Amino acid sequence: MTAKRLCRIGQLALACAGLALVFIPNGMRFTGYLLLGILVVWKLGLFLHRRADRFRTWKICERVFFAGLTLGIVTLAGIEAAIVFWGGADNSNLPVDAVIILGAGVNGETPSAALWSRIRAAEGYLEAHPEVPVVLSGGQGPGEAISEAEAMRRALWKGDEAEDARFLLEERSTNTAENFRFSKTLLEENGLNLETAAVAVVTNDFHCFRAHMIARKQGLKTVGVPAELPWWWLTVNYYLREAFAVVKTALFD
């Protein structure tokens, strides 16, 4: 089989896999778009390589293209390494003064898989840190009959009134930056000095690094409490997506 034929088969495989992941509901849409993006870059690289053999100007374009591609890959690999490191860190023994649990989607009144994973991670962590205040942070979005904060309260509350009073509900936020901004206000209103306080942030493992970035911009000193998704393929999808989200956060947020 010739190299040209193998190249066409590889491109066809990328196209089929990418389109399948984009259009078949399975939570893997980003990976599908990424595969289609790789296909476009591949075809563009081949186009420039073929033109570069005949024209000097195209040769320069080819070199610039591959230099930029190499720089982009190295940058994203470095970011991905940081995401993996933060997502695997064990901070359970570090002393903290408060806990913020970041919300995720709610289907009607039922927590999504991402939110359930955060709730499960929070349960063990709160048992190990029974004296600190807890902010349940998350507003009510489309398709949600209750706020994400209320969904977490219902899942975490064991019927003890004293324990229920420990929970501070933040029900206005619509993104991670607002999670921290409004949670910070709640903690300050409850007497916490955030200039010196350490705050544990419960979120999914792939989100820990970016959450730390956003929190630091708002003057919060945080440690991550990572929660794992139940399915490895979704974990891979979100880890890949998160590298691009980190770039967006660094440049625009």
- Please identify the trypsin sites (Lys or Arg not before Pro) of the stretch 35-65 that satisfy two criteria: DSSP loop assignment and at most 14 other Cβ atoms within 10 Å. Which are they? 54
- What residues have an amide H closer than 5 Å to that of residue 106, excluding those fewer than 5 places away on the same chain, when H is modeled at 1.01 Å from N in the peptide plane? 112
- Message: Helix 3-23 against the longest principal axis of the chain: what's the angle in degrees, Cα atoms only, rounded to the nearest 10?
- Response: 30
- Item | the chain, helix-only ellipticity at 222 nm - DSSP H runs n ≥ 4, -39,500 (n - 2.57), divided by all residues, nearest 500 | -20500 deg cm²/dmol
- Note on the structure: Simple SL model, points at 7 angstrom along Cα→Cβ for residue 89 and residue 15; separation in nm is 4.4
- For residue 217, counting only lysines whose alpha-carbon sits under 18 Å away and dropping same-chain residues fewer than eight positions off, the answer is 184, 248
- Note on the structure: Computed ³J(HN,Hα) along the stretch 235-246: with the Karplus parameters 6.51/-1.76/1.60, θ = phi - 60°, integer Hz and x for glycine or proline, the list is 4, 4, 4, 6, 5, 5, 5, 5, 4, 6, 5, 5
- Note on the structure: Placing each pseudo-label 7 Å from Cα in the direction of the beta carbon, residue 75 and residue 158 end up separated by a distance in nanometres of 4.8
- What's the angle, to the nearest 10 degrees (0 to 90), between helix 113-128's Cα axis and the longest principal axis of the chain? 40
- Residue among 236, 225, 252 farthest towards the positive dipole end of the stretch 210-253, charges placed on Cβ: 252
- Message: List the residues, sorted by chain then number, that are 5 or more residues from residue 135 or on another chain and whose placed amide H is less than 5 Å from its amide H.
- Response: 99, 100, 101, 168
- Task: Round to a whole angstrom and tell me the spacing of the C-alpha centers of the stretch 14-43 and the stretch 106-181.
- Result: 33
- Item | DSSP-assigned coil residues among chymotrypsin sites (Phe, Trp or Tyr not before Pro) in the stretch 148-217, each with at most 14 further Cβ atoms within 10 Å | 157
- Cβ-Cβ FRET estimate between residue 172 and residue 217, R0 fixed at 22 Å, reported to 0.05: 0.70
- Item | Dipole magnitude of the stretch 20-137, debye to nearest 20 (Cβ charges: Lys/Arg +1, Asp/Glu -1, about Cα centre) | 1340
- Answer with one residue from 74, 41, 6: the one whose Cα lies farthest towards the positive end of the charge dipole of the chain, charges on Cβ with Lys, Arg +1 and Asp, Glu -1. 6
- Item | Simple spin-label estimate for residue 82 and residue 26 in nanometres, 7 Å along Cα-Cβ | 3.2
- Message: Per residue, how large is the accessible surface of the chain? Use a 1.4 angstrom probe and give square angstrom.
- Response: 55
- Hey, for a label at residue 128 modelled as a point 7 Å past Cα toward Cβ, could you say which residues of the stretch 215-253 have their backbone N under 19 Å away? 222-229
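Mind giving me the FRET efficiency for residue 44 and residue 107? R0 is 41 Å, r the Cβ-Cβ distance, nearest 0.05 is fine.
Values: r = 40 Å, r/R0 = 0.97.
Given R0 = 41 Å and the Cβ-Cβ separation, E is 0.55.
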- Item | Size of charge dipole - the stretch 171-253 - debye, nearest 20, with Cβ of Lys, Arg +1 and Asp, Glu -1, no other charges | 240
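The values are calculated or read from the model by the stated rules, or taken from the named source; none is laboratory data. Predicted model, so just to flag it, every value in this text is computed and none were measured. Cβ atoms come from the backbone with ideal geometry, glycine included; neighbour counts cover every protein chain shown. What goes into the accessible areas is simple: the full protein's heavy atoms, side chains included, and nothing from ligands, DNA or RNA. Shrake-Rupley method; radii C 1.70, N 1.55, O 1.52, S 1.80 Å.
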